[in-house]
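Note sheet for the following structure.
The values are calculated or read from the model by the stated rules, or taken from the named source; none is laboratory data. Just so you know, these numbers come straight off a predicted model, no measurement behind them. FYI the Cβ positions are ideal-geometry reconstructions off the backbone, even for glycines, and counts take in every protein chain you see. Just the protein is used for accessible areas: all its heavy atoms, side chains included, with ligands, DNA and RNA removed. Shrake-Rupley method; radii C 1.70, N 1.55, O 1.52, S 1.80 Å.
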Amino acid sequence: MTFAHPTYFYLLLLLIPLILWYIFKQSKSQPSLQVSSLEAFNRKPYTWKVYLRHFPFILRVAAFALLITALARPQSSDHWQQSTTEGIDIMLVMDISTSMLAQDLTPNRLEASKNVAGTFINSRPNDNIGLVIFAGESFTQCPLTIDHAVLLNLLRDVQCGMIEDGTAIGLGLANAVTCLKDSQAASKVIILLTDGSNNRGDIAPVTAAEIAGSFDIRVYTIGAGTRGTARVPVRMAYGVDYINVPVDIDESTLEKIAAITGGQYFRATNTESLKDIYSEIDEMEKSKISTQQYSKKYERYLPFVLIAFLLLCTEFVLRRTILKTIP
């Protein structure tokens, strides 16, 4: 409930002198009668009329307050809004080759990539997002979906060794293009993360990038790995051992892919830089949401006026009937 003219409530201050005047009047208007003894009156109980003698005045004050409230024009309103969202369709393409177990990112490249990607997904509730994984081959782990809870569960299940080992960057990119090519979204984006060089698959990465460009798909590429060597777990006959392996990322190819499609190449040398990269992509690829708000107001003064009128009528009847006083 809102009021169109709330300043009228200052008129309620007039009730203060009105109440004071009534109290003063009552104290001066008490009749007196000289009698020889009050003993007979002490034994006589008060009637209910005595207790209700101030009730008509209370009704008048209440009616006055209600009329002031009506003057303030109480209003109710209905609010609704119409939102139009121009979402972005995004495919995450993630390398899950065994080299992603390297520990130059915390706790390793794969887990760091999954954690940061999960945060990115949660930050974009209005977008369709899907997931493609690749190693020696590629498949769609999750098609484009707005149900991000399902996507996050499938992302959580991603592990190295799910598919044949290797690095088929072109195949993974082409698979993501297939998922996006028929999209009607205002913007189509692929975020491709890898830690190596293309050594498997029948599709060259640059060829896949040219196909993506023909469908107006923008590709952001991320090279995940420190510069120099990284500690990688290796399974031995007696258990797991760790060796330092040179980090070999084909940055020139990743840069070409980004340039062909109008995207950008990033290098993530640690977990914090990977978070910064996803944050930067998040800022560059914002969904467009236009919102129109509507409201309709309804005047609600009539109930206050009717109740005030009823109270005044009741006060008028009581003063002239059962609660009538003799001057």
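Our estimate of slack between residue 78 and residue 126, defined as 0.36 nm per intervening residue step minus the Cα-Cα distance, is 14.7 nm. Applying both filters, DSSP loop and at most 13 other Cβ atoms within 10 Å, to the chymotrypsin sites (Phe, Trp or Tyr not before Pro) of region 190-277 gives 238.
Compared with the dominant principal axis of the Cα atoms in the chain, helix 169-180 is inclined by about 40°. If you look at the Cα atoms of region 182-252, you get an Rg and a Dmax of 17.1, 54 Å.
Gain on full extension, evaluated as 0.36 nm per residue between residue 210 and residue 248 minus their Cα-Cα distance, stands at 11.3 nm. In degrees between 0 and 90, to the nearest 10, how far off the longest principal axis of the chain does helix 271-284 point, with axes built from Cα atoms? Tilt relative to the chain: about 70 degrees.
Think of a 1.4 Å ball rolled over the protein heavy atoms: the chain then has 58 Å² of accessible area per residue. So which aspartates and glutamates can residue 297 reach, going by Cα to Cα under 14 Å and dropping same-chain residues fewer than 8 places off? Once the sequence-local aspartates and glutamates are set aside, what remains near residue 297 is 78. Region 1-15 and region 123-190 have their alpha-carbon centroids 61 Å apart.
Length gain on complete extension for the stretch residue 157 to residue 279, per 0.36 nm per residue less the alpha carbon to alpha carbon distance? Show your work: numbers first, answer last.
On the way: separation 122, 0.36 × 122 = 43.92 nm, distance 2.35 nm.
Result: 41.6 nm gained on full extension.
For residue 178, the accessible area of its heavy atoms, probed at 1.4 Å with every protein chain present, is near 80 square angstrom. Calculated [222 nm] ellipticity per residue, helices only, for the chain: -12000 deg cm²/dmol; basis is -39500 (n - 2.57) per DSSP H run with n ≥ 4, divided by all residues, nearest 500.
With R₀ set to 45 Å, the beta-carbon distance separating residue 318 from residue 296 gives a calculated FRET efficiency near 0.65. Panel values: the chain, Kirkwood radius from alpha carbon pairs, Stokes-Einstein at 10 °C and 1.306 mPa s, translational diffusion coefficient 60 µm²/s.
Eigenvalues of the alpha-carbon gyration tensor of region 172-327, scaled by 5 and square-rooted, set the equivalent ellipsoid semi-axes at 74, 25, 13 angstrom, largest first. Looking at region 59-150, none of the trypsin sites (Lys or Arg not before Pro) sits in a DSSP loop with at most 15 other Cβ atoms within 10 Å of its own Cβ.
A viscosity of 1.306 mPa s and a temperature of 10 °C, combined with the Kirkwood radius over C-alpha pairs in the Stokes-Einstein formula, give region 48-199 a diffusion coefficient of 82 µm²/s. Given a 1.4 Å probe and the protein chains as shown, residue 231 ends up with an accessible area of around 110 Å². DSSP beta bridges fully contained in the chain are about 55 percent antiparallel. Taking every DSSP beta bridge that has both ends in region 185-314, the antiparallel portion is near 40%.
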